[in-house]
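Computed from the coordinates by the stated procedures, all read-outs in this text should not be read as laboratory data. Keep in mind that what you see is a predicted model, and the values were worked out from it rather than measured. Note that we place each Cβ from the backbone using ideal geometry, even for glycine, and neighbour counts take in every protein chain shown.
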Amino acid sequence: MKADPTRMNTTKPLLARIFKRKQLAVLPLALWLAACAVGPDYQRPAAPAAERYKEAGDWVSAAPSDAIERGAWWELFGDPVLNELAPRVAVSNQNVAEAAGAYAQARALVAQQRAALFPVVNLSGQGNRNASGASATGSTVVRAGTSMQVSLGASWEPDVWGRLGRAVEGARAGEQASAADLATATLSAQGELAANYFSLRTTDAQIALLRQTLTGYQRVLQITKNRYDAGIAPHTDLLQAQTQLANAQADELGLARQRAQLEHAIAVLTGVTPSQFSLPPVADWKPLLPGVPLTLPSVLLQRRPDIAGAERRVAQANEQIGIAQAAWFPSLGLTASYGLGASTVSDLFSAPTAAWSLGFSAVQAIFNAGLTRGRVDAARAAWEQTVARYRQTVLTAFQNVEDQLAATRVLADQLTQRQQAAAAATQAEAQFMNRYQAGQVAYTEVVNAQVSALNARRNLQQAQGDQLTTAVALVQALGGGWREPR
């Protein structure tokens, strides 16, 4: 049977006219209903604010801020080894890699939600071979037939009440929150690396100090032994000198253990096993204490990635309210299909057996025992939680900055006192040793002077290390090199 070309020519224009009329009829209705999107419009919640930092006083940093602005904040410290180690964190640290995976997942979720805004088009085909038999006058007659079908179908849910659009915006806010989480994880790991590095260098300095002190203690022990052998000094002086030397040697071993642990921590932060990482001591290491550029309190809200992440989660929760409220209204759907059928493949696209359909559906829950109300209330409660968490994050951020500013100011004054104490203790140690050799004081006073001098020098080195780690903590409190994208 041949296809009727006249019929086919009339079918296609008819189908085109139907689709065109349907589009013209639905488009104004869809545009009108789109203005009926339900749910609250998002507004950034009010957060605690301050005009100035309480602990800043009149302190104004003279350091340039270009290093922080471009992200490489660790370059402020001018240490080439730290400059080489810090970038490894963003590439090899596994906690940062986990946050990067979460960010990639959030980006994929945005693409999934955006796809729901567009129609779904399906192409399907089917072929059947069937046979039937009939018995007549003792013989069997078999009739066989073949049918082929191909159809194109589409379905679309118009975003009348804004539910799908809010799902996309919520996913996009989640993506932005994940990006802020990634920045937070990177800043935290890099800050921990810098703090461990400066602690390791401080430990190296204390080990070098102890080794110098051990050389002096061994010399004093020899002097005391000579005096004891000559009958000038009692045996208790010799025992005290031996005790002093042994205690200093034990302290050196404790510092060596502490250094090894810091080196292992740095290795893990850079993504390698401790057995594959080594950080040799640097002779004459001179730390550079930078002046950290201080931003205004209002700018802190844009510079802290944890604040930005908390704010984006508020926006995400806000969209969930609109999604829950959309359940109060009917769910609408449009479907369309066009299919062809024939007995052979060659006749499939020329046969007159074409069929099309257009459909419209609407579904509205009449009774669900308060399920929709419960979901709306739950979404509002979740939004209130995110708002409280956002405000608490802001308060904590201000606290962090104030804490580190106070520590910076106090440590600067403390360092001056430590320097004076170390100079006085060193001078007293020398004077007591001279008086002991002259037989004017007991050896116990020499031991006390030596302990005081060593502690004063170690406290001075620790104060210098504390200044460096506090500067790192202040950089982190100010948001590091991250700036909220606009």
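Straightening the chain between residue 278 and residue 239 buys 10.1 nm, computed as 0.36 nm per residue apart minus the Cα-Cα spacing. Among 334, 249, 288, pick out the residue whose Cα is farthest towards the positive end of the charge dipole of segment 241-349, where Lys and Arg carry +1 and Asp and Glu carry -1 on C-beta, about the Cα centre. Positive-end residue among those listed: 288.
Coupling constants for segment 260-269 follow from the phi torsions by the Karplus curve (6.51 cos²θ - 1.76 cosθ + 1.60, θ = phi - 60°), and in residue order they are 4, 5, 5, 5, 5, 5, 5, 4, 5, 5 Hz; glycine and proline get x. Taking a point 7 angstrom from the Cα of residue 366 along the C-beta vector, which residues in segment 303-345 have backbone N less than 15 Å away? Correct set: 330. The fewest-to-most ranking of 416, 203 by surrounding Cβ atoms within 10 Å reads 416, 203. Derived scalar couplings between HN and Hα for segment 223-235 equal 4, 5, 5, 5, 5, 5, 5, 7, x, 8, 10, x, 5 Hz in order, rounded to whole Hz, by the Karplus curve 6.51 cos²θ - 1.76 cosθ + 1.60 (θ = phi - 60°), x for Gly and Pro.
With contacts taken as Cα pairs under 8 Å at a separation of at least 6 residues, segment 400-486 carries a relative contact order of 47 percent. In terms of surrounding Cβ atoms within a 10 Å radius of their Cβ, 475, 168 rank from fewest to most as 168, 475. Summarising the amide proton neighbourhood of residue 441: residues at separation of 5 or more, or on other chains, whose placed amide H is nearer than 5 Å comprise 436.
Distance between the C-alpha centres of segment 352-430 and segment 196-244: 52 Å, rounded to the whole angstrom. Spin-label model, residue 434 to residue 260: label points 7 Å out along the Cα-to-beta-carbon direction sit 4.3 nm apart. Select from 261, 170, 194 the residue farthest towards the positive end of the dipole of segment 153-283; place +1 on Cβ of Lys and Arg, -1 on Cβ of Asp and Glu, and compute about the Cα centre. Going by the Cα projections, it comes out as 261.
Taking label positions 7 Å along the Cα-Cβ direction at both residue 112 and residue 129, the computed distance is 4.2 nm, reported to one decimal. The phi torsions of segment 153-169, fed into the Karplus equation with coefficients 6.51, -1.76 and 1.60 and a -60° offset, translate into couplings of x, 9, 9, 8, 10, x, 7, 5, 9, x, 5, 5, x, 5, 5, 5, 5 Hz, rounded to whole numbers, with Gly and Pro shown as x.
By the count of other C-beta atoms within 10 Å, a proxy for reagent exposure, 398, 329, 118 are ordered fewest to most as 118, 329, 398.
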